[in-house]
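The values are calculated or read from the model by the stated rules, or taken from the named source; none is laboratory data. Note that the structure is a prediction, hence the values are computed from the model and not measured. So basically every Cβ, Gly included, is an ideal-geometry build from the backbone, and we count neighbours across all protein chains shown.
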Amino acid sequence: MRSSKIIEKIKNMSIEEKVGQLNQIQLEDTKQVRDEIRRGRVGSIILADTATAGNDKQKKINVDLLNELQRIALEESPTGIPLIFGRDVIHGHHIVMPIPLAEAASFNTELLENAYRAVAEEAASDGVHWTFSPMIDISRDPRWGRCIESFGEDPYLTSEMGKAAVCGFQSDDYKSTDSIAACAKHYLGYGAVEGGRDYGKTEISEYTMRNYYLKPFKAVVEENVATVMNSFSEISGQPVASSRYLLYDILKTELGFEGFIISDWASIAKLVNHRVAKDEKEAAMLAANAELDMDMVDRCYIEHLSELVEEGKVSEETIDKMVYRVLYIKDKFGLFENPYTEQKKVNFEKHIAIAKQFSDECMVLLKNNDILPIKHSKRIAVTGPFLHEKRSHLGSWAPDYDAGILKSIQEVFLECEDNDKIVFAELPYLWDDIIPTIRDVDTVVIVLGESAKLSGEDNCLTNIDLPREQLEFAKKIKLLGKKTVGVMCFGRPIALGEAELYFDAILYAWQSGTCAAQSIVDIIYGKVNPSGKLPMTFPRVTGQIPIYYNYPSYFGNGMAYYGDGSNYWDCKSTPMYPFGYGLSYTNFEYSQIRCENYILTLDELKNGETFKVSVIITNTGVRAGKETVQCYVSDRVASMTRPIKELKGFSKVFIEKKACKEIVFELGLEELGFYNRNGEFCVEAGEFDVFIGRDCMTDNKVKITVMNIK
Ligand code: GLC
């Protein structure tokens, strides 16, 4: 239902005033900015004083300045339409949550929603109306630095996390002063850039687009995400920023997206770099005719759209539709009623507690030869290049953090009971200086990692093996005959094929935010039982990339892409660690799968009936713990090649020791269907295998059958 109030307002606007609403500028405390707002040439301001792709600390937001600029827009501009202030509040504001890839490893959507609610409260209190988050690009290539901003390689996991993020940011009361508009990005297929080269080209077929990359966007549109951001990249020769097919036909018409599209940073002007526009005027024409609604900072729209309308190259009707979407979101999020920010007291203690739970639950125990957890009474040594590190625990895109509450791993160790049992082997210039220090200690915790500046936007790597100097350091300590615990503080997955040999235990700590150090030490000493599972496949060596679990079946032994049917002479074809993998300090046993109904007809499925499958999970270990039970589906024979397995459900459950729980999954049309060669969603009759287990390698399965009985 379109708002007559908005339609009436647009009717009374000049073309210049309409175009002004489609113009987003950078925040600058200047007379020129005030004049532009006063003349109705600004619809939005991006609070990115130094939009450094999220790796440098931003200046504190000046809320008084924002309110002053808003007053000019309301009282002195021709239309009196409020500004919408946007910012990259990606995974934290003052209190920083884990990087999104680590958050996905928690497989805890409720926790993510709570965390993003807390983030929204902090950002809204500083005058932010709109965040450019969540990033829901399917990411299969760890060489691409932006995989750390994603929720990993799986469409279902990404969809569930994306929906939780949108609900966290927007809440169910869009007009609340604690809610901020979300932005699903980067539409579409950005994570498929060749070789992991940021901004590069992608080749994505309609079939792959619809069955992988588009699914998370379909999910968040159904969750009423307020805005979408286009990607810098091109799909098979078509830059997304100028693709009416992608932006209008699919996103706005087929998916029914009602919000507005914001261009990624100057990506309209970058159509000239893509060489599909000879100049910025032509770029503006292409983007407007694709109905890319708002222009981020390159001024293509404000400089050229009015003229393009006069020349008949862009219709005023198109402009009206774009302006309607912008005003619709401003109205939906209460900017007309509450345009000004009154800073409120924020419950930071509560937010820190959420951040701690999040970093506890995202860390993944990859290996443990009965060395973890360690008793406080045991004498250990701790060493490594990340022992004193603080900033990189926050990861990329953490521009607003509060440095005061960040702790290093060494500082947290020093706060522990019996800390006199800890030998700090400072990383010396000459590594062998530590030999005497650790000589009489049999267990060494080695803290490794990568700088936050090595991942995120435009930070790609050709080699994701553990850095050579860190590998050699660990190897030397292992060769001393020590028991070694590796703590890995990396954003992206890294290839541990060789490194794994030098560790008796490996804790993948990611870059887990404000409370990362506390969580690492709590897991090492067993105060926290790790429960993270991998949202991306970990290769053995860089050369295995691409390697992801939901690969189509082909000749070989089923899980050929993951299986032992080695395709390489110089490496096993199986990953180092598979999707969904993660250990615990306790042990969970899975029963056989029970199925309530092994056969359904297509018509029954279309009438909403579902297969109900379940397992009993028993905690047979020595302590309580959380387990993410995963449900995968495999279509045995179909009209197109189908992934050998696809995640269709997961449930993270807490189970006391010696207790058990029943987990039930329902599988219906949505879970069994796919988009066929004609782009139609369909379920085909036939046999399917349903798997339920602890990771994607599970062989705990049952067969179900879909019959086509007329
Ligand atoms: C950057 C990023 C995008 C971000 C935007 C605003 O280039 O690609 O994710 O939201 O510009 O900073």
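What residue, of D56, D35, is within 15 Å of the ligand (Cβ to nearest atom), over 22 Å from D173 (Cβ atoms) and surrounded by fewer than 18 Cβ atoms within 10 Å (Cβ to Cβ)?
The conditions single out D56.
Just one of the numbered conditions (1) in contact with a Phe, Trp or Tyr (Cβ under 9 Å, 6 or more places away or on another chain); (2) farther than 20 Å from P216 by Cβ; (3) in a strand (DSSP E or B) is not true of D699; which one?
The single condition D699 does not satisfy is (3).
Kindly establish whether A123 is buried (at least 24 other Cβ atoms within 10 Å of the Cβ) and within 21 Å of G582 (Cβ to Cβ).
Here the answer is no, as A123 does not meet what is asked.
Of all the helices (runs of 4 or more DSSP H) wholly in segment 276-384, which have at least 1 residues that are aliphatic (A, V, I, L, M) and on the phi > 0 side of the Ramachandran plot?
By residue number, no helices (runs of 4 or more DSSP H) qualify.
Kindly indicate whether F358 is of a type in the set (A, V, I, L, M, F, W, C), in contact with a Gly (Cβ under 9 Å, 6 or more places away or on another chain) and over 15 Å from I524 (Cβ atoms).
The answer is yes for F358.
Within segment 165-180, is even one residue crowded, with 23+ Cβ neighbours inside 10 Å, over 14 Å from F132 (Cα atoms) and touching a residue at least 24 places away in the same chain (Cβ under 8 Å)?
no
Specify which of the listed residues (R299, R275) is of a type in the set (D, E, K, R), in contact (Cβ under 8 Å) with a residue 12 or more places away in the chain and surrounded by fewer than 24 Cβ atoms within 10 Å (Cβ to Cβ).
The unique qualifying residue is R299.
Pull up segment 182-214, narrow it to residues that are of a type in the set (S, T, Y) and under 21 Å from L101 (Cβ atoms), then point me to the one that is farthest from the ligand (Cβ to nearest atom).
Of everything passing the filter in segment 182-214, Y212 is farthest from the ligand (Cβ to nearest atom).
Just wondering, is there one or more residues in segment 491-511 that are hydrophobic (A, V, I, L, M, F, W, C), in contact with an Asp or Glu (Cβ under 7 Å, 6 or more places away or on another chain) and closer than 20 Å to L406 by Cβ?
No - not one qualifying residue is present in segment 491-511.
Going through segment 382-411 one residue at a time, which ones are closer than 10 Å to V96 by Cα and charged (D, E, K, R)?
The answer is D400, D402.
Working only within segment 68-94, note down all residues that are within 16 Å of the ligand (Cβ to nearest atom), touching a helix residue (DSSP H, G or I) at 6+ places or on another chain (Cβ under 8 Å) and within 17 Å of N338 (Cα to Cα).
Once the filter is applied, which keeps residues that are within 16 Å of the ligand (Cβ to nearest atom), touching a helix residue (DSSP H, G or I) at 6+ places or on another chain (Cβ under 8 Å) and within 17 Å of N338 (Cα to Cα), segment 68-94 yields I84, F85.
I'd like the full set of residues that are within 16 Å of the ligand (Cβ to nearest atom) and touching a Pro at 6+ places or on another chain (Cβ under 7 Å), limited to segment 215-251.
Listed by number, the list holds a single entry, P216.
Surrounded by 24 or more Cβ atoms within 10 Å (Cβ to Cβ), among the β-branched types (V, I, T) and over 29 Å from the mean Cα position of the chain (by Cα), is that true of V444?
Yes: the conditions hold for V444.
Among the residues of segment 284-306, is any more than 16 Å from the ligand (Cβ to nearest atom), at pLDDT 95 or above and among the basic types (K, R)?
Among the residues of segment 284-306, not one is more than 16 Å from the ligand (Cβ to nearest atom), at pLDDT 95 or above and among the basic types (K, R), which makes the answer no.
Take the residues in segment 579-616 that are closer than 30 Å to A505 by Cβ and hydrophobic (A, V, I, L, M, F, W, C); name whichever of them is nearest to the chain's Cα centre (by Cα).
Among those residues, the one meeting the criterion is F579.
Inspect all residues belonging to segment 264-273 and state whether any of them is among the basic types (K, R), under 26 Å from the mean Cα position of the chain (by Cα) and either over 30 Å from R2 (Cβ atoms) or within 16 Å of the ligand (Cβ to nearest atom) (or both).
Yes, segment 264-273 contains at least one residue that is among the basic types (K, R), under 26 Å from the mean Cα position of the chain (by Cα) and either over 30 Å from R2 (Cβ atoms) or within 16 Å of the ligand (Cβ to nearest atom) (or both).
What are the residues in segment 61-96 that are more than 22 Å from K332 (Cβ to Cβ) and without any contact (Cβ under 8 Å) to a residue 12 or more places away in the chain, if any?
Passing the criteria: D64, E68, E75.
Would you confirm, using the coordinates I've provided, whether G608 is in a loop (DSSP other than H, G, I, E, B), at positive phi, at pLDDT 95 or above and loosely packed, with under 15 Cβ neighbours inside 10 Å?
The answer is yes for G608.
Could you please let me know if N459 is surrounded by fewer than 14 Cβ atoms within 10 Å (Cβ to Cβ), in contact (Cβ under 8 Å) with a residue 12 or more places away in the chain and under 35 Å from the mean Cα position of the chain (by Cα)?
Here the answer is no, as N459 does not meet what is asked.
Being within 16 Å of the ligand (Cβ to nearest atom), among the hydroxyl-bearing types (S, T, Y) and buried (at least 20 other Cβ atoms within 10 Å of the Cβ) is true for just one of S44, S106. Which residue is that?
When all the criteria are applied, what remains is S44.
Looking at V323, is it farther than 18 Å from L246 by Cα, touching a residue at least 60 places away in the same chain (Cβ under 8 Å) and either surrounded by 17 or more Cβ atoms within 10 Å (Cβ to Cβ) or touching a Phe, Trp or Tyr at 6+ places or on another chain (Cβ under 9 Å) (or both)?
yes
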